[in-house]
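To keep things clear, I will list the structure first and then write my remarks on it.
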Amino acid sequence: MSRPRGKYQKWLEPDNLLKLRSWARDGLTNEQIAKNIGIARQTFQEWLSKYPKMDEAVAKGKEVVDAEVEESLLYTMKKHTITTTVYKTVKKEKMKLQAERLKFQNQYKLDHPEASNNEILIAVAENVDVYEKIPQTKTIVEVDPNTSAIIFWLKNRRPDVYRDQTFRKLNEANMRKAIAEANISEKQLKAIEEADNPANATVIVDDISKLKELKDNADSRTKQGD
């Protein structure tokens with residue numbers, strides 16, 4: 001009796017690996033891919049870590065999407081033109097339609113020698129259109145660069161120069177303010193200390209006797225200090 005295969009083994013087969021890659025290329029997240037498979041996101045993450053082929057398929061699909069998005073972003077960052085063409089649908093001329101049908105019919109017979117006449121006629125009807133589009137007008141519009149795309153690109157490609165410049169300048173301004181306030185505080189403290197020092201006091205006398213008394217007191221303190 002053969003052992004039942006794990007569900008993950010089915011997704012290691014070439015066709016299903018291609019399907020995983022296609023889902024990733026279409027922009028599906030790992031959670032959405034897991035939902036398509038019918039498993040929990042955590043289980044799918046475990047599969048990716050255990051089975052390199054599965055992980056590679058998803059990664060390759062996402063690489064295609066990333067490349068396409070980057071190319072689109074680069075395109076919008078540059079000045080470019082958009083061309084719009086208006087077509088008129090008309091019925092093909094009889095001779096032209098017959099020639100196209102005959103050409104397709106002969107090629108189809110070569111590619112499908114076993115096909116019946118009825119199958120060939122059906123293939124011709126499905127692949128050779130009776131109508132064609134004739135261009136009527138063409139409009140070319142010049143588009144300026146997308147400023148938001150440019151800012152996004154520079155912030156991520158040159159973060160040392162462009163990322164969060166506002167915050168950096170704000171921090172620098174706050175630092176300068178803090179230094180200035182510290183300097184002011186230091187000067188104020190020094191002024192207070194000088195004001196409290198008796199030696200720095202200014203005395204005003206209005207008579208000779210008072211001046212002599214102050215001088216004698218100063219001389220007495222000097223002798224005591226000796």
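The values are calculated or read from the model by the stated rules, or taken from the named source; none is laboratory data. The structure presented is a predicted model; accordingly, all values stated were derived computationally and were not measured. Because the Cβ atoms are built from the backbone with ideal geometry, glycine has one as well, and the counts that use them run over all protein chains shown. Remember, those area values only see protein heavy atoms, side chains included, never the ligands or the DNA or RNA. Shrake-Rupley method; radii C 1.70, N 1.55, O 1.52, S 1.80 Å.
Numbers at a glance
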| quantity | calculated |
| --- | --- |
| Residue match in segment 46-53 (condition: assigned to a helix (DSSP H, G or I) and within 24 Å of the chain's Cα centre (by Cα)) | no |
| Candidates Leu12, Leu48, Leu73, filtered to the one that is in contact (Cβ under 8 Å) with a residue 60 or more places away in the chain and in contact with a helix residue (DSSP H, G or I) (Cβ under 9 Å, 6 or more places away or on another chain) | Leu73 |
| Flag for Thr85 being more than 30 Å from Val128 (Cα to Cα) and surrounded by 10 or more Cβ atoms within 10 Å (Cβ to Cβ) | no |
| Lone unmet requirement of (1) more than 30 Å from Glu132 (Cα to Cα); (2) assigned to a helix (DSSP H, G or I); (3) free of Cβ contacts under 8 Å to residues at least 12 places away in the same chain for Leu28 | (2) |
| Residue list for segment 23-35, restricted to those being of a type outside the set (D, E, K, R) and open to solvent by 80 Å² or more (accessible area, probe 1.4 Å) | Gln32 |
| Lone unmet requirement of (1) loosely packed, with under 14 Cβ neighbours inside 10 Å; (2) without any contact (Cβ under 8 Å) to a residue 24 or more places away in the chain; (3) of a type in the set (A, V, I, L, M, F, W, C) for Val143 | (2) |
| Yes/no for Lys19 being in contact (Cβ under 8 Å) with a residue 12 or more places away in the chain and either under 30 Å from the mean Cα position of the chain (by Cα) or surrounded by 12 or more Cβ atoms within 10 Å (Cβ to Cβ) (or both) | no |
| Evaluation of Arg3 against (1) open to solvent by less than 50 Å² (accessible area, probe 1.4 Å); (2) modelled with pLDDT under 90; (3) over 28 Å from Ala149 (Cα atoms) (one fails), failing number | (1) |
| Answer from Gly61, Gly38 - the residue that is loosely packed, with under 12 Cβ neighbours inside 10 Å and not aliphatic (A, V, I, L, M) | Gly38 |
| Check on Ala115, farther than 30 Å from Lys78 by Cβ, out of contact with any helix residue (DSSP H, G or I) (no Cβ under 6 Å at 6 or more places or on another chain) and open to solvent by less than 70 Å² (accessible area, probe 1.4 Å) | yes |
